[in-house]
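The structure appears right after this line, and notes come after that.
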Amino acid sequence: MKLVKHIANLGYGSRREVQWLFREGRITNAAGEVLYADDPLDHDDVRIDGEPLDPPPGLLLVLHKPTGYTCSTKDPGRVVFDLLPPRYRLRSPALSTVGRLDRDTSGLLLLTDDGQLLHRIIAPRSNLPKVYVATLADDLRGDEAALFASGTLLLDGEKTPLLPAQLDVLSPRSARLTLHEGRYHQVRRMFAAAGNHVAALHRERIGGLALGDLPAGHWHALDESARALLFATNAA
Ligand code: URA
């Protein structure tokens with residue numbers, strides 16, 4: 001692939017705009033020598049205004065989604081892509097969220113431009129646990145853990161019962177819930193089925209990958225070892 005197309009695909013501009021960056025001498029190699037649009041592609045050696053390029057396709061990002069942001073690209077309000085550099089919205093292949101979190105849910109959200117990886121993460125056979133902490137409007141009754149673990153709980157409007165899920169009570173009004181599937185508004189609907197209401201919801205882990213101390217609104221690209229951790233579901 002030509003260097004100009006590669007840089008345009010990373011969202012730095014249309015091909016025409018990127019041609020101008022070349023003409024202006026803003027695209028160089030690491031040694032500061034000006035590059036030309038048809039030079040061979042050596043991703044790691046390219047600089048734009050002295051800065052290395054964004055990661056090439058095959059990107060996997062972890063974002064600490066704050067509440068108030070939606071995972072859609074079309075919502076007129078705040079969207080998770082607003083938390084990334086604007087050019088990340090223009091990349092080809094496109095970056096998309098791996099599943100969704102509700103507007104009012106915070107926590108670990110993955111984004112990728114790799115369709116195969118996305119499917120592997122959400123595929124039932126990968127069986128990646130998703131771990132949430134729910135803060136509840138009312139005290140837990142005491143029967144929720146058994147109800148959620150039963151494998152027989154049928155949510156309103158659904159034909160198949162939920163897979164068994166694990167509930168760990170943290171306080172009278174908060175609990176950690178581990179799911180092995182991802183149905184629409186699943187956590188909120190599960191607690192509604194148990195006569196409660198989720199006041200706040202946070203996802204802290206997917207598979208072996210924890211959000212850790214990444215502050216809300218921040219993100220970073222995952223390297224190979226972090227990706228391996230994602231699929232290492234027995235990790236602590
Ligand atoms: N379950 C929910 O109800 N909401 C989310 O955002 C994720 C899981």
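The values are calculated or read from the model by the stated rules, or taken from the named source; none is laboratory data. Keep in mind it's a predicted model, so treat the numbers as computed, not measured. Every residue, glycine among them, receives a Cβ derived from its backbone with ideal geometry; neighbour counts consider all protein chains shown.
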- Message: Against the conditions (1) assigned to a helix (DSSP H, G or I); (2) away from the ligand (no atom under 16 Å from the Cβ); (3) in the same structural domain as ASP139 (by TED's automatic domain parsing), where does SER225 fall short? Just the number, please.
- Response: (3)
- Item | Cβ pairs under 7 Å, 6+ apart, first in segment 16-27 and over 16 Å from HIS6 (Cβ atoms), second of a type in the set (A, V, I, L, M) | GLY25/VAL34
- Message: So LEU111 ticks every box in (1) surrounded by 14 or more Cβ atoms within 10 Å (Cβ to Cβ); (2) at pLDDT below 95; (3) of a type outside the set (Phe, Trp, Tyr); (4) closer than 20 Å to LEU10 by Cβ but one. Which box is left unticked?
- Response: (2)
- Query: Between residues in segment 90-104 that are within 19 Å of ARG205 (Cα to Cα) and residues that are basic (Lys, Arg) and near the ligand (Cβ under 8 Å from one of its atoms), which pairs lie under 7 Å by C-beta distance while being six or more apart or on different chains?
  - Reply: LEU101/ARG203
- Query: Of the residues ALA165, ALA216, which single one is within 16 Å of the ligand (Cβ to nearest atom) and in the same structural domain as LEU117 (by TED's automatic domain parsing)?
  - Reply: ALA216
- Can you tell me which residues in segment 94-103 are in a loop (DSSP other than H, G, I, E, B) and either within 15 Å of the ligand (Cβ to nearest atom) or not assigned by TED's automatic domain parsing to the domain that holds SER72 (or both)? VAL98, GLY99, ARG100, LEU101, ASP102, ARG103
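Residue-wise test of (1) surrounded by 12 or more Cβ atoms within 10 Å (Cβ to Cβ); (2) in contact with a Leu (Cβ under 8 Å, 6 or more places away or on another chain); (3) in the same structural domain as GLU224 (by TED's automatic domain parsing).
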| position | (1), (2), (3) |
| --- | --- |
| ALA8 | yes, no, no |
| TYR12 | yes, yes, no |
| THR28 | yes, yes, no |
| LEU35 | yes, yes, no |
| ASP45 | yes, no, no |
| ILE48 | yes, yes, no |
| TYR88 | yes, yes, yes |
| SER92 | yes, no, yes |
- Residue identified as within 16 Å of the ligand (Cβ to nearest atom), within 18 Å of ARG120 (Cα to Cα) and under 18 Å from the mean Cα position of the chain (by Cα) among GLU181, GLU204: GLU181
- Out of curiosity, is PRO40 under 26 Å from PRO215 (Cα atoms), assigned to a loop (DSSP other than H, G, I, E, B) and out of contact with any Gly (no Cβ under 9 Å at 6 or more places or on another chain)? no
- State all residues of segment 168-178 that are within 16 Å of the ligand (Cβ to nearest atom) and either surrounded by fewer than 20 Cβ atoms within 10 Å (Cβ to Cβ) or charged (D, E, K, R) (or both); if no residue qualifies, say none. SER174, ARG176, THR178
- Query: Give me the pairs: first residue in segment 177-205 and assigned by TED's automatic domain parsing to the domain that holds LEU167 and under 15 Å from SER150 (Cβ atoms), second residue more than 8 Å from the ligand (Cβ to nearest atom) and at pLDDT below 95, beta-carbon distance under 7 Å, and six or more apart or on different chains, which are they?
  - Reply: HIS180/ASN127; GLU181/PRO124
- Within segment 104-154, work out how many residues are away from the ligand (no atom under 16 Å from the Cβ), part of a loop (DSSP other than H, G, I, E, B) and either more than 30 Å from GLY58 (Cα to Cα) or of a type in the set (Phe, Trp, Tyr) (or both). 10
